[in-house]
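Worksheet for the structure shown next.
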Amino acid sequence: MVAQVKGVVVSGVAGLVIRVEVEVAQGLPSVGVIGLADAAVGESKWRVRSAIGNAGCKWPAARVTIGLSPADIPKHGTSLDLPIAVGVLLATEQIPKDCARDATFIGELGLDGALRPFRAALPAAIAAKRCGISRVYVAPGSARQVAVVPGVEVVVIRDLEHLVSVLRGESLADAIPEADAIGAMTSTVDMCDIRGHAHGRFALEVAAAGSHHLSLLGPPGVGKTMLAERLPTILPDLDEQTAIDVTSIHAVAGRLPLAAGLVRRPPFEAPHHSASATALLGTVRGRHTIPGALTLAHGGVLFLDEAPEFSRPCLEGLRQPMESGIVRIMRAAESVDLPAQFQLVLAANPCPCGFAVGKGASCRCTAMAKRRYGERLSGPLRDRIDIRLEVLRPTMGELAAQVGDSSVQIAERVSRARTRAAVRFREMPWSVNSHLPAGELRRKWAPDASGCALLIEAERGGLSLRGADRVMRVAWTLADLCEVDVPSRDHIAMALGLRGADRGPTDD
Ligand SMILES: [Zn+2]
């Protein structure tokens with residue numbers, strides 16, 4: 001007799017539904033697995049055999065063949081234990097015939113029949129839903145993640161013995177446990193912690209409203225990190241799809257408590273400048289995809305402090321994802337695409353020693369060293385940064401000034417501005433000003449006559465074509481924040497100001 005059960009494995013950061021077929025035939029007792037299984041899946045037969053015995057059921061004294069399909073996709077990990085066990089029980093008629101229809105079983109079995117939570121339960125459940133599966137059997141520790149997928153019935157089971165009795169209709173499933181608080185994703189910082197830096201606070205608001213990449217140039221210890229780490233606090237909540245993607249990524253990376261629910265807030269990733277290209281871009285180790293900082297920042301902010309100190313492969317590796325929103329990891333047989341749509345914040349010192357500010361009296365760097373430092377951030381990378389802010393040490397007067405708006409107040413304005421842009425671009429494939437393609441910008445989205453006049457003036461004064469494009473994108477965001485329909489001369493003038501420093505590592 002042949003039984004069919006659906007299971008899920010993880011490929012990259014997504015789930016992949018696998019059909020498990022179990023055939024029990026007459027012959028010498030034996031067990032074999034076919035269909036590109038790795039060692040962990042191959043060993044599954046021994047774990048399942050013990051687990052079935054310990055659950056009070058019988059392993060058949062017959063020839064057992066376990067087939068996994070699609071046969072051409074490598075399968076790895078231990079998530080197929082449970083579907084294999086269910087397949088054997090079905091094929092030997094120890095559980096009702098139709099109980100696995102429209103259902104999948106997610107979990108790892110211990111030898112004693114205990115069911116362990118599966119780290120990537122959310123992507124697994126999403127893949128199952130896409131294949132028309134409406135019921136998911138999981139361990140209590142995975143139940144919260146599966147419960148966030150709409151249209152999926154979650155059946156919580158403790159161990160194999162419990163599962164058998166639930167499938168036979170002899171007992172009830174457990175209740176879904178309460179969600180844990182998500183420590184890693186809740187922010188404890190707020191914009192109102194920042195004293196002085198009025199210009200910096202405003203630049204952050206504009207960057208958030210138009211999703212513009214941002215660079216911060218200034219001497220060490222002046223507050224660049226403090227500014228950058230508050231950007232996520234004024235960004236809107238993640239939309240449903242991004243929230244699911246972000247939760248899947250962080251679950252696969254082992255960054256989330258197992259019982260956590262959906263991540264709703266944009267993540268903040270700040271890799272150190274000594275990080276390897278692998279740590280930034282991600283890698284495949286053995287059979288496991290390990291997302292890098294770019295992917296962990298998906299939907300949120302990637303902060304590179306002391307950006308010119310990052311290795312060249314790291315900085316070059318940023319370019320492709322910044323264009324496509326995807327990072328591609330090559331491995332021997334195949335390539336894996338991981339999502340990486342992030343907002344970049346670069347921070348840099350004005351020179352290697354960090355003191356070339358003002359008249360630069362205390363800077364001891366040679367002209368050559370300064371130029372080399374500046375050149376480490378390549379042109380194509382700099383071209384994507386719309387807002388370049390020079391961060392200076394606040395004066396005593398500025399520090400004593402009134403406390404500014406809180407993150408909640410600013411987030412409110414950011415959200416209104418984003419809504420204006422989204423309505424304007426409703427027919428377009430983008431929804432924020434920073435994603436406006438250059439060609440479109442010139443054809444359809446010119447500022448008003450006074451704005452155009454100022455822009456032409458600036459171009460005569462040496463503003464490059466690409467520089468002008470960036471100014472126009474930022475001017476649109478300023479117009480959205482001011483709730484006007486077309487950018488005017490004032491918005492262009494402000495955007496020119498936010499283009500910032502005409503020297504140092506991030507100038508044109
Ligand atoms: Zn210096």
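The values are calculated or read from the model by the stated rules, or taken from the named source; none is laboratory data. This structure is a prediction, so every number in the text was calculated from the model and none was measured. Counting neighbours? That spans all protein chains shown, and the Cβs are built from the backbone with ideal geometry, glycine included. Note: accessible area is taken over every heavy atom of the protein model, side chains too, but ligands, DNA and RNA are not part of it. Shrake-Rupley method; radii C 1.70, N 1.55, O 1.52, S 1.80 Å.
Taking the residues in the range 374-390 that are open to solvent by less than 60 Å² (accessible area, probe 1.4 Å) and either within 16 Å of the ligand (Cβ to nearest atom) or in a helix (DSSP H, G or I) (or both) as candidates, determine which candidate is farthest from Leu344 (Cα to Cα).
Filtering first and then ranking leaves Gly374.
Could you run through the range 352-368 and say how many residues are without any contact (Cβ under 8 Å) to a residue 40 or more places away in the chain and in a loop (DSSP other than H, G, I, E, B)? Lay out the reasoning, then the answer.
Residues of the range 352-368 that are without any contact (Cβ under 8 Å) to a residue 40 or more places away in the chain, as a first pass: 352-353, 358-368.
If we keep only those that are in a loop (DSSP other than H, G, I, E, B) too, we end up with 352-353, 358-366.
The total comes to 11.
Within the range 112-170, can you find the residues that are basic (Lys, Arg) and within 22 Å of Leu90 (Cα to Cα)? So that I can check it myself, show each step before the final result.
Here is the first cut: in the range 112-170, the ones basic (Lys, Arg) are 116, 119, 129-130, 135, 144, 158, 168.
Of everything in the range 112-170, those that are basic (Lys, Arg) and within 22 Å of Leu90 (Cα to Cα) turn out to be Arg116, Arg135, Arg158, Arg168.
Going through the range 245-262 one residue at a time, which ones are closer than 19 Å to Val154 by Cα, surrounded by 22 or more Cβ atoms within 10 Å (Cβ to Cβ) and not small (Gly, Ala, Ser)?
Passing the criteria: only Thr247.
Out of the residues in the range 123-146 that are basic (Lys, Arg) and within 11 Å of Asp102 (Cα to Cα), which is surrounded by the most Cβ atoms within 10 Å (Cβ to Cβ)?
Applying the filter and picking the extreme gives Lys129.
(1) within 16 Å of the ligand (Cβ to nearest atom); (2) open to solvent by 10 Å² or more (accessible area, probe 1.4 Å): which one isn't true of Ala277, the others all being true?
(1)
Against the condition in contact (Cβ under 8 Å) with a residue 40 or more places away in the chain and under 16 Å from Met322 (Cβ atoms), how does Pro394 come out, does it pass?
The answer is no for Pro394.
Go through (1) in contact (Cβ under 8 Å) with a residue 60 or more places away in the chain; (2) part of a helix (DSSP H, G or I) and name the single condition Val403 misses.
(2)
Out of Val474, Val403, Val484, Val414, I need the residue that is modelled with pLDDT of 90 or more and either at positive phi or open to solvent by 40 Å² or more (accessible area, probe 1.4 Å) (or both). Which one?
Val484
Taking the conditions exactly as written (in the same structural domain as Glu43 (by TED's automatic domain parsing), open to solvent by 10 Å² or more (accessible area, probe 1.4 Å) and either of a type in the set (Gly, Ala, Ser) or more than 26 Å from the chain's Cα centre (by Cα) (or both)), does Lys97 satisfy them or not?
For Lys97, the condition - in the same structural domain as Glu43 (by TED's automatic domain parsing), open to solvent by 10 Å² or more (accessible area, probe 1.4 Å) and either of a type in the set (Gly, Ala, Ser) or more than 26 Å from the chain's Cα centre (by Cα) (or both) - is met.
Gly467 fails exactly one of the following numbered conditions: (1) in contact with a helix residue (DSSP H, G or I) (Cβ under 8 Å, 6 or more places away or on another chain); (2) open to solvent by 10 Å² or more (accessible area, probe 1.4 Å); (3) at pLDDT below 90; (4) not polar (S, T, N, Q). What is the number of that condition?
Single failed check for Gly467: (2).
Within the range 339-353, restricting attention to residues that are within 11 Å of the ligand (Cβ to nearest atom) and open to solvent by 40 Å² or more (accessible area, probe 1.4 Å), which residue is nearest to the chain's Cα centre (by Cα)? Spell out how you get there, then give the answer.
Here is the first cut: in the range 339-353, the residues within 11 Å of the ligand (Cβ to nearest atom) are 349-353.
Add one more test, that the residue is open to solvent by 40 Å² or more (accessible area, probe 1.4 Å), and what stays is 352-353.
Numbers: Pro352: 32, Cys353: 34 Å.
Top of the filtered list is Pro352.
Six or more apart or on different chains, Cβ under 6 Å: which pairs go from a residue in the range 52-71 that's touching a residue at least 12 places away in the same chain (Cβ under 8 Å) to one that's part of a strand (DSSP E or B) and among the aromatic types (Phe, Trp, Tyr)? Could you list them?
Listed pairs, sorted by first residue: none to list.
Quick check on the range 131-157: of everything there that is over 22 Å from Leu256 (Cα atoms) and touching a residue at least 60 places away in the same chain (Cβ under 8 Å), which residue is farthest from the chain's Cα centre (by Cα)?
Only one residue fits best here, namely Ile133.
Hey, any hits in the range 354-373 for a residue that's more than 11 Å from the ligand (Cβ to nearest atom) and open to solvent by less than 60 Å² (accessible area, probe 1.4 Å)?
no
Considering (1) more than 16 Å from the ligand (Cβ to nearest atom); (2) surrounded by 14 or more Cβ atoms within 10 Å (Cβ to Cβ), say which one Thr419 fails and leave the rest.
In the conditions (1) more than 16 Å from the ligand (Cβ to nearest atom); (2) surrounded by 14 or more Cβ atoms within 10 Å (Cβ to Cβ), Thr419 misses (2) alone.
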